[in-house]
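Beneath this line is the structure, given in structure tokens, with notes to follow.
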């Protein structure tokens with residue numbers, strides 16, 4: 001099949017770094033994506049373009065080769081059969097070097113591998129790799145840092161540049177186990193698993209039972225079609241870590257190839273539980289399983305008090321008529337302040353409403369007089385502000401109103417309040433008349449006002465007391481319990497909606513949503529007042545004549561506090577609440593870009609996971625030694641970077657990882673067309 005050229009947005013930060021956008025499905029859509037990518041490059045300043053060109057990086061997006069068809073694009077993007085398991089490759093299996101590496105022989109084998117890499121990669125990739133390596137070497141960067149740069153190139157979809165740099169780093173320090181492991185992983189995923197196996201076997205003896213090495217070894221055998229050997233290694237990984245994202249993924253393929261769909265579903269669910277990707281959701285859908293929100297972890301720990309909702313405290317709640325009269329002034333002040341703040345929020349919302357109306361008018365104008373087919377194509381090609389966790393957010397928002405979801409429980413709590421109020425309204429008048437009749441006063445003698453035996457009214461204070469007791473016993477007491485549940489469920493609903501909506505909205509829309517959430521919370525609070533029972537005047541117990549000291553709380557602002565940084569040395573990939581940006585600093589090459597991937601034009605993709613230990617001033621133990629005690633990881637697929645997670649002791653809001661990094665192989669080989677020989 002004809003190859004589709006890889007789009008090079010920039011060499012240090014590739015076009016595939018932001019996930020979950022719609023992949024192009026035909027030639028026209030690829031052309032549109034190319035134009036969008038070039039548009040982003042055109043926005044760079046002359047200085048930034050010059051920096052990139054000095055590093056051997058093009059600022060021109062290559063066009064598609066002639067002769068490419070829609071079928072070529074579809075096949076390229078889909079990656080072939082979803083559950084394909086490689087056939088046994090006897091040619092490559094027989095080409096596995098029959099050597100047992102030792103510390104003394106590793107350097108010579110690395111030289112052989114580097115010669116193999118140079119022959120197998122394209123000349124332009126080799127030139128970029130040489131430029132980058134020379135730059136870091138000249139500036140006296142350590143091999144570990146240069147190796148991290150290689151991983152950075154790999155995760156951004158440039159495997160040929162990556163494997164060249166990693167090989168050079170290994171040659172500079174062939175005793176570094178993390179570098180050797182990463183080089184082996186790249187060789188496997190690049191299409192040369194037979195060349196990687198001697199290195200992985202050597203590392204496995206040094207670090208027995210290490211999940212990264214066992215996984216990478218299992219994936220190498222999988223690429224060669226030796227599924228039994230692959231499964232043996234992957235099963236050891238699963239026993240050590242039941243939710244290993246890559247080992248479970250590959251075991252899903254193996255199980256499905258054997259017709260074990262139930263086991264395949266469980267394996268893919270385990271992979272999804274720890275690390276999200278669209279591929280996993282699509283695979284489960286093809287297996288007949290519909291993913292639920294609970295199948296996916298929360299991207300990060302939710303703020304326990306978003307917007308400061310818990311800071312709002314209602315006045316003391318009366319339990320008797322006497323309390324009611326004493327606390328009336330505070331409740332009046334409370335409801336007035338709630339109303340005033342709601343009005344202020346309504347004014348604050350106006351600019352957002354106006355902007356939304358203008359945006360809707362532009363959309364209407366755009367689609368006006370267009371046919372259904374044209375509108376569908378325009379919508380399909382529209383580019384939205386994206387977030388790594390948009391799909392996860394949408395799925396959880398969708399499920400909120402289902403049975404036992406927080407939206408469902410909120411409605412149920414509201415119905416309980418409404419039921420009590422409805423029952424009170426139905427019985428109130430009859431109860432009052434009954435009490436008035438029971439406490440009626442009969443004239444015991446004839447006067448100017450009434451004849452003897454005539455009903456001359458009732459004792460207001462006595463009726464007032466009995467009426468209040470009836471209301472508090474039968475309604476205000478259970479109503480307060482219902483209010484407490486209503487407030488609790490409203491808090492859960494609002495906070496959960498905000499948590500997931502931050503992943504599904506652009507910044508302006510989310511700002512408006514936060515204002516709406518504040519108004520909703522005030523509306524709930526303001527409607528939790530007791531039923532007033534002072535129906536018979538103030539002569540029995542006078543309300544206290546004083547100013548209220550009640551002060552309604554202010555809302556807190558809601559900022560993103562969950563920031564993960566994967567530091568590759570010359571540049572960093574920073575994810576702030578699911579939104580990614582890249583910052584880079586390598587001598588003269590400095591800057592910061594926010595970007596989205598467009599995923600267009602790639603002929604082959606790689607998938608896998610990167611894990612790194614928490615940042616330290618010095619390069620300390622790497623992931624092979626430190627394991628998963630404290631660090632972070634990043635899942636990447638053909639859609640780009642799709643998930644960033646923290647592990648072990650690193651489960652805090654702000655995590656920065658650098659130092660040594662491990663490349664954990666995914667279930668794909670053949671990323672480099674010149675490999676496999």
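When you count, for each residue, the other Cβ atoms within 10 Å and take the mean per peptide, how do 403-411, 163-171, 223-231 rank with the highest first?
Put in order of decreasing packing, that is 163-171, 223-231, 403-411.
Once fully extended, how much extra length lies between residue 38 and residue 403, figured as 0.36 nm per residue of separation less the alpha-carbon to alpha-carbon distance?
Here the answer is 126.7 nm.
For the stretch 134-179, report the translational diffusion coefficient in µm²/s to the nearest whole number, using Stokes-Einstein at 37 °C, 0.692 mPa s, and a Kirkwood Rh over Cα pairs.
318
Based on the inverse mean of 1/r over its pairs of different Cα atoms, what is the Kirkwood hydrodynamic radius of the stretch 242-288, in Å?
Mean inverse Cα-Cα distance, inverted, gives 10.0 Å.
What does the highest-first list of 103-110, 272-279, 484-491 look like by mean Cβ count within 10 Å?
Descending mean neighbour count gives 272-279, 484-491, 103-110.
Where a number appears in this text, it was derived from the coordinates with a stated rule and is not lab data. Source: prediction; values computed, not measured. Don't worry about glycine lacking a Cβ; one is built from the backbone with ideal geometry, like all the others, and counts go over all protein chains shown.
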